[in-house]
Amino acid sequence: MDTADLKEYFEGSFTSRGEIGAAVSVWKNGEELVDLSGGYSDRAKENLWNSHTLAPVYSATKGPAAATLLHVLSLRGLDLDTWVSEIWSGFPLDSATFGELLSHQCGLAAMSSVASVFDHREVISALEDTEPEWQPGEGHGYHPRTYGFLLDDCVRRLAGRSLGEVWNEDLARPLGLDFWIGLPESEWGRVATLVPGRAKPGAFEEGFYAAFNQPGSLTRRAFSSPKGLHAISEMNEPKAWSAALPAMGGVGSARALAKFYQAAIGAIESPLSGEVLRSLGQLQISGEDKVLLRETAFTAGCQKDPVDGNGNKKRKLYGESIAAFGHPGAGGSHAFGDPDSGVSFGYVMNQMELSVMPGERCLGLVERIG
């Protein structure tokens, strides 16, 4: 890795690619090799982004959230083959496994009734009354919002605490991570202000974006349920940061995300067992995604790049290695780890892009770490 080239690209994003404030961290085998931050933490460009700045990262929260459920399952002697209904009697599929739940195979991406994102019990009741869109074995589709409630309720039933509490106390604290699922008030002053992105001409004419804007489509319903926190302005409020939403509510630093994936690939000591690490990195399903309307590949909680019949990557959101896994966040945040090389990566920013996948500013950095 040419760190000078990476630094030059990072700095160039502020002058030619619309970056406002951002940070990137790269680790290898327990050592942080790159720690860069720059720009401003607010739209008015009055406050500098520094090493203490935190950012909401949307679905980049899903990796830590999945690790939390896997950790609790491991402590209870359960695994990916255990049926969810064994611990959750009201779960709407009798024979779905935790492996299928964690890899978006349970057809519960959209709920059949309205519930507030701030009311856990209301959402769980709605999920229990929802007829799955498909059954395990019939493919997969990304669960952008319901995913967090599904995982959270399982953790509550197994551990007697919310997923956010288990993450914050049992995993993030021992690892020394500046990343919270349920941000305490003491940290609110560190959070950067997200700035909405702008659509490019023709962006909504086909594929995912066309479906997203089509009332009644599965894609639209999946990204609309449960209701609430649909506007960027809402994600800039402490109510969103403190709600402890495991699918989309994490707040933290690039360094924390990169260090988490050091733990996830076994490059540093952590409370995560070997079984948890294998589950995070092992492919569960790959193919056409019923919600994102593109090919995706999922482990038990993370994404990988799809490969062709010859084992070659079809895209490189996670670098060159087929073993690499991680999770992006809507708007641009991204993090992953590669167990083959011992490298992990974290990137957070506040200038949003209209994309559910990493964009140019992030992928240019990924290309430069090899």
Problem - Residue list for segment 74-126, restricted to those being within 24 Å of Glu288 (Cα to Cα) and touching a residue at least 60 places away in the same chain (Cβ under 8 Å) - result: Leu80, Phe98, Gly99, Glu100, Leu102, Ser103, His104, Gln105, Ala109, Ala110, Met111
Problem - Criterion violated by His71 - all others in (1) surrounded by 15 or more Cβ atoms within 10 Å (Cβ to Cβ); (2) touching a strand residue (DSSP E or B) at 6+ places or on another chain (Cβ under 6 Å); (3) more than 26 Å from Ile232 (Cβ to Cβ) satisfied - result: (2)
Handout entry: Residue list for segment 10-39, restricted to those being among the aromatic types (Phe, Trp, Tyr) and either without any contact (Cβ under 8 Å) to a residue 40 or more places away in the chain or surrounded by fewer than 17 Cβ atoms within 10 Å (Cβ to Cβ) (or both)
Key = Phe14
Handout entry: Enumerated helices (runs of 4 or more DSSP H) restricted to segment 193-276, each holding at least 1 residues that are farther than 26 Å from Val26 by Cβ and hydrophobic (A, V, I, L, M, F, W, C)
Key = 207-212, 218-222, 232-235, 238-242
Handout entry: Counted residues, segment 331-347 - those being in contact with a Cys (Cβ under 6 Å, 6 or more places away or on another chain) and under 8 Å from Ile265 (Cβ atoms)
Key = 0
Fill in the blank from the handout: Within segment 281-309, the count of residues that are more than 17 Å from Val356 (Cβ to Cβ) and either of a type in the set (A, V, I, L, M, F, W, C) or modelled with pLDDT under 95 (or both) comes to 5
Fill in the blank from the handout: With the first residue restricted to segment 227-251 and required to be of a type in the set (Asp, Glu), and the second required to be surrounded by 20 or more Cβ atoms within 10 Å (Cβ to Cβ), Cβ contacts under 7 Å at 6 or more apart or on different chains are Glu234/Ala240
Exercise for the section: Return the pairs, sorted by first residue and then second, in which the second residue is in a helix (DSSP H, G or I) and buried (at least 24 other Cβ atoms within 10 Å of the Cβ), the first residue lies in segment 40-67 and is of a type in the set (Val, Ile, Thr) and at pLDDT 95 or above, the beta carbons are less than 9 Å apart, and the residues are 6+ apart or on different chains. Expected result: Val57/Leu257; Thr61/Gly148
Handout entry: Residue selected from segment 74-107 under the condition modelled with pLDDT of 95 or more, among the small types (Gly, Ala, Ser) and surrounded by fewer than 24 Cβ atoms within 10 Å (Cβ to Cβ), by the criterion nearest to Glu165 (Cα to Cα)
Key = Ser74
Completion exercise
Filter segment 317-350 for residues that are free of Cβ contacts under 8 Å to residues at least 60 places away in the same chain and over 16 Å from the mean Cα position of the chain (by Cα); the one that is nearest to Phe14 (Cα to Cα) is Gly319
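The values are calculated or read from the model by the stated rules, or taken from the named source; none is laboratory data. Predicted model, so just to flag it, every value in this text is computed and none were measured. So basically every Cβ, Gly included, is an ideal-geometry build from the backbone, and we count neighbours across all protein chains shown.
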